[in-house]
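What follows is a single structure, written as structure tokens, with notes after it.
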Amino acid sequence: MEVYLDNNATTPLSEEVLNEMAETMRVFGNASSLHSPGVKARKTIETARHRVATVLGSEEDEIIFTSGGTESDNLAIMGYLRTTDKKHIVTSCIEHPAVLNVFRYLGNTGYDIDLIGVDEKGRVDPEEFCSVLRDDTAMISIMMANNEVGAIQPVNEIVKGVKDYSEDIAVHTDAVQAFGKMRMNCRETGVDMLSVSAHKINGPKGVGALYVRRGFKIEPVYFGGHHERGLRPGTENVQGIAGFGKASEVAVGIMAENISRWDKLKKKLSDGISGSISDIRINSHQEYAISNTLNVSFRNVEGEAVLLMLDDAGINVSTGSACTSGTGEPSHVLKAMGLDELDAKGSIRFSLGRYNTEDEIDYVIEKLDKVISRLREVSPL
Amino acid sequence: MEQYSEKVMEHFRNPRNVGKIENADGVGYVSNPMCGDIMKLYIKVENDVITDAKFRTFGCGAAIASSSMITEMIKGKSIEEALDISNDAVIEALDGLPPIKKHCSVLAEQALRKAIEDYRKK
């Protein structure tokens, strides 16, 4: 059996998206051209934009297409900071590197940065977050849902707290992992900017969007033509954008159904693991997490080893172990939640997607039990 | 990270000499403070020749494969010959390790040296 449980890393293209993109493969025109091929390309893009705007609860002219979540995050932060002299910025310590590393770079180039910690559920405290705001705070960024443990952040409360302190502080949220997994509405949350990405919602890689509230000014971070209201130059990725538009529409359309299925499957997996394997710690919270994400630590075994053995059994997951991070550092998210080195090292993230079934979960529980037992036999601990 | 060689995967999937030796002649216990890997190597020595070796490891694919490989390499060797085994020899025997996994082979070499040191003390 092949069981893909790494949907927070990326997702396969859905049939709907494949068909949509296939149809647009021959739409070759440059969308900026005034002739018929150009107009056709332009229409394709605007149809997609309409779809994305509709499901995000925004206007079409508030959606800027980018190359993905990372670019959207960079554009939001760097693009806004170009418009102000203020030098203090705040974010959480569990953000994705696409936000965290922008902040770190800024911290090394004259900005004052504050990284707010989280509790053992992986949640930021809105009061603590807002307690560091100052007269020279330019902007804050807070993710909507964390990619490693699924923790949903109190974005609405933080937005309120920040805007109550000062209307001038810009608010950005990285909603890349949350999109399609929980209800969201740009207008309702009151954020100034919001990042999303296509490849987490069965859309293509290489395309995403940044919502920029009407009236809110940012500047481009690189230069060229006047595409996307002058904020994101470059001839548009028509097929990718078309795929993204379709993916957004479908993701929100089937969201309730997905959530209901994930609740069931996640509980089955979690109960199955707790029931058959000892010395574990469930890192993802039951209530305050997106329903597709289950993060578990298996004591005395190492994550990469678990990942490889599961892969041999056709099961794909990811791990917070230092051994796979490329930096030699264990998951900064788990560390921030207070997990000790050993628990972080033995952590596995199971992230459900649109296509997982109950049979697959049964299979995973059975194989996981064997894998953990085997690795515990090998372990000196 | 670049992928593991077939040899590494083979030693990871089917590690040789997993276990412990009761009343071992030498035990080497090492841990890597950076990544947290832990290796325990047991050796049985007769007339200065390593007649048996077993290991237990907490670590990634490269760590388990390195421990498995080194136990294979030292069985039947004299203490002197075993001391000549470097981490590079382990890497070569494994048909290479990704650069960021080099430290796993170093840990295996250290475990071996510690086991021999322990044997010499006894």
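Readers should treat all values here as calculations from the given coordinates under stated rules, not as data from a laboratory. Note that the structure is a prediction, hence the values are computed from the model and not measured. As a convention, Cβ positions derive from the backbone with ideal geometry for all residues, glycine included, and neighbour counts pool all protein chains shown.
Results, tabulated for the structure shown:
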| item | result |
| --- | --- |
| GNM top mover of B:L112, B:L83, B:L94 - chain B, alpha-carbon springs below 10 Å | B:L83 |
| Mean Kyte hydropathy of 0.0 or more with a Cα span along the axis of at least 20 Å, helices from DSSP in chain A | A:238-253 |
| Tilt relative to chain B, helix B:102-121 - C-alpha long axis, 0 to 90 degrees, to 10 | 10 degrees |
| Dipole magnitude of the stretch A:185-329 about its Cα centre (Cβ charges: Lys, Arg +1; Asp, Glu -1), debye to nearest 20 | 520 debye |
| Ratio Rg/Rh [Cα only; Rh per Kirkwood] for the stretch A:87-211 | 0.95 |
| Highest-fluctuation residue, A:S276, A:S321, A:S297 considered, GNM on chain A with Cα pairs under 10 Å | A:S276 |
| Unpartnered cysteines - no second Cys beta carbon under 4.7 Å - across chain A | A:C93, A:C130, A:C186 |
| Net dipole in debye of chain B [+1 Lys, Arg Cβ; -1 Asp, Glu Cβ; about Cα centre; nearest 20] | 480 debye |
| Net charge of neighbours whose Cβ lies under 9 Å from the Cβ of A:R281, counting Lys and Arg as +1 and Asp and Glu as -1 | -1 |
| Nearest-20 debye value, chain A charge dipole, Cβ charges on Lys, Arg, Asp, Glu | 840 debye |
| Cα convex hull volume per residue for the protein assembly as shown (Å³) | 160 Å³ |
| Per residue convex hull volume, Cα atoms of the stretch A:1-142, in Å³ | 185 Å³ |
| Environment charge at A:T137 (Cβ cut-off 11 Å; Lys +1, Arg +1, Asp -1, Glu -1) | -2 |
| Unpartnered cysteines - no second Cys beta carbon under 4.7 Å - across chain B | B:C35, B:C104 |
| Dimensions (Å) - the stretch A:259-317, Cα atoms, principal axes, largest first | 31, 24, 18 |
| Positive-end residue, chain A charge dipole about Cα centroid, Cβ charges, pick of A:I348, A:V171, A:I372 | A:V171 |
| Antiparallel bridges, percent of DSSP beta bridges restricted to chain A (to nearest 5) | 50 percent |
| Charge dipole of the protein assembly as shown about the Cα centre (unit charges at C-beta), most positive-ward option of A:G29, A:S270, A:P97 | A:G29 |
| Förster-model FRET efficiency, 60 Å R0, A:Y222 and A:K267, C-beta, rounded to 0.05 | 0.85 |
| Dmax and Rg, reported as Rg then Dmax, of the stretch B:11-77 (C-alpha, Å) | 11.8, 37 |
| Stokes-Einstein D for the stretch B:26-122, Kirkwood Rh over Cα pairs, 10 °C, 1.306 mPa s (µm²/s) | 123 µm²/s |
| Selection from A:G69, A:G57, A:A41, by position along the positive dipole direction of the stretch A:39-82 (Cβ) | A:A41 |
